[in-house]
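One structure below.
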Amino acid sequence: MPYSVIVFASGRGSNFAALAQAARDGALPIRLDALLSDKPDAPALTLARDAGIAAIALAPRDFPDRASFDRAIFARAAEFAPDLIVLAGYLRVIDAGVVEAWRGRIINIHPSLLPKYPGLHTHRRVLAAGDAEHGASVHFVTAELDGGPVIAQIHLAVVPGDTPESLAARLLPLEHRLLVATVDALARGRVALGADGIELDGRRLPAPLRLGADGRLHGAGAAVG
Ligand code: GRF
């Protein structure tokens, strides 16, 4: 059975496109089954349709409250019986009960070195703090916003003259590589969420994996994949 992945996105969809491309190239052992969105005009939906992948949009305004919207969109996702749900630029806080039902099977990509800078405007906040480095994280989703256990990160040096826009532009292609590598590790069963945190090959991982210049994830003294 191929490892089935569904992506949730609210906007541009470049992370979705990176997964779709890697799957198409045979570089990622997954079947990308659907793109779901809370924004009926999200460009990500068009990318999915063009790639021949199911594209489904539900509008929050058609539901009485957040929890009923979340139950409805996750019910649509469940129809595909995915092994993994990837939130990639999905700009909604999800009902805690709904998230809990997908524990260990739902990840998010966030443009900061979590636990630094959960929430919005991460590039601006890195510059305001004078940080020497920035980065991106892929983490398991829990009820706490951007607060679940971090699986893997990529680091990026901040250079003189950087702006929020220049940081965002340099980080985005790194995010794509990080997301593809992390989904690969999950699909191959190397990484999972255990009772005490992230496990690599069944052993608790003391710190997040890190994507190296060689394009591989490194952690616990070894390369993954
Ligand atoms: C990315 O920066 C991601 O880290 C953040 O939202 C952005 C989504 O970009 N969560 P895209 O829609 O995948 O192009």
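Structure summary
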read-out: Identity of the residue in region 26-44, assigned to a loop (DSSP other than H, G, I, E, B) and over 22 Å from Phe140 (Cβ atoms), that ends up farthest from the ligand (Cβ to nearest atom); value: Gly26
read-out: Check on Gly97, among the small types (Gly, Ala, Ser) and on the phi < 0 side of the Ramachandran plot; value: yes
read-out: The listed residue being in the same structural domain as Val7 (by TED's automatic domain parsing), surrounded by 14 or more Cβ atoms within 10 Å (Cβ to Cβ) and either assigned to a loop (DSSP other than H, G, I, E, B) or within 16 Å of the ligand (Cβ to nearest atom) (or both), out of Ile85, Ile56; value: Ile85
read-out: Subset of region 1-19 that is under 11 Å from the mean Cα position of the chain (by Cα) and within 8 Å of the ligand (Cβ to nearest atom) - its residue that is surrounded by the most Cβ atoms within 10 Å (Cβ to Cβ); value: Phe16
read-out: Index of the failed condition, Ala128 passing every other in (1) under 23 Å from Ala23 (Cα atoms); (2) at pLDDT 95 or above; value: (1)
read-out: Residue within region 113-133 that is among the hydrophobic types (A, V, I, L, M, F, W, C), under 22 Å from Tyr3 (Cβ atoms) and surrounded by 13 or more Cβ atoms within 10 Å (Cβ to Cβ) present; value: no
read-out: Residue within region 160-170 that is in a loop (DSSP other than H, G, I, E, B), within 12 Å of the ligand (Cβ to nearest atom) and under 20 Å from Ala181 (Cα atoms) present; value: no
read-out: Subset tally (residues that are touching a residue at least 40 places away in the same chain (Cβ under 8 Å) and either farther than 18 Å from Leu45 by Cβ or in a loop (DSSP other than H, G, I, E, B) (or both)) for region 2-25; value: 8
read-out: Any hit, region 60-71, residues being farther than 16 Å from Phe16 by Cβ, away from the ligand (no atom under 15 Å from the Cβ), in a loop (DSSP other than H, G, I, E, B) and touching a helix residue (DSSP H, G or I) at 6+ places or on another chain (Cβ under 9 Å); value: yes
read-out: Unique residue being within 14 Å of the ligand (Cβ to nearest atom) and touching a strand residue (DSSP E or B) at 6+ places or on another chain (Cβ under 7 Å) when the list is Ile94, Ile109; value: Ile109
read-out: Selected residue (only one of Arg61, Arg92 is surrounded by fewer than 21 Cβ atoms within 10 Å (Cβ to Cβ) and more than 17 Å from the chain's Cα centre (by Cα)); value: Arg61
read-out: Tally of residues being among the charged types (D, E, K, R) and assigned to a loop (DSSP other than H, G, I, E, B) across region 198-225; value: 3
read-out: Test result for Leu127, within 12 Å of the ligand (Cβ to nearest atom), not aromatic (Phe, Trp, Tyr) and not assigned by TED's automatic domain parsing to the domain that holds Ala23; value: no
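The values are calculated or read from the model by the stated rules, or taken from the named source; none is laboratory data. Source: prediction; values computed, not measured. Because the Cβ atoms are built from the backbone with ideal geometry, glycine has one as well, and the counts that use them run over all protein chains shown.
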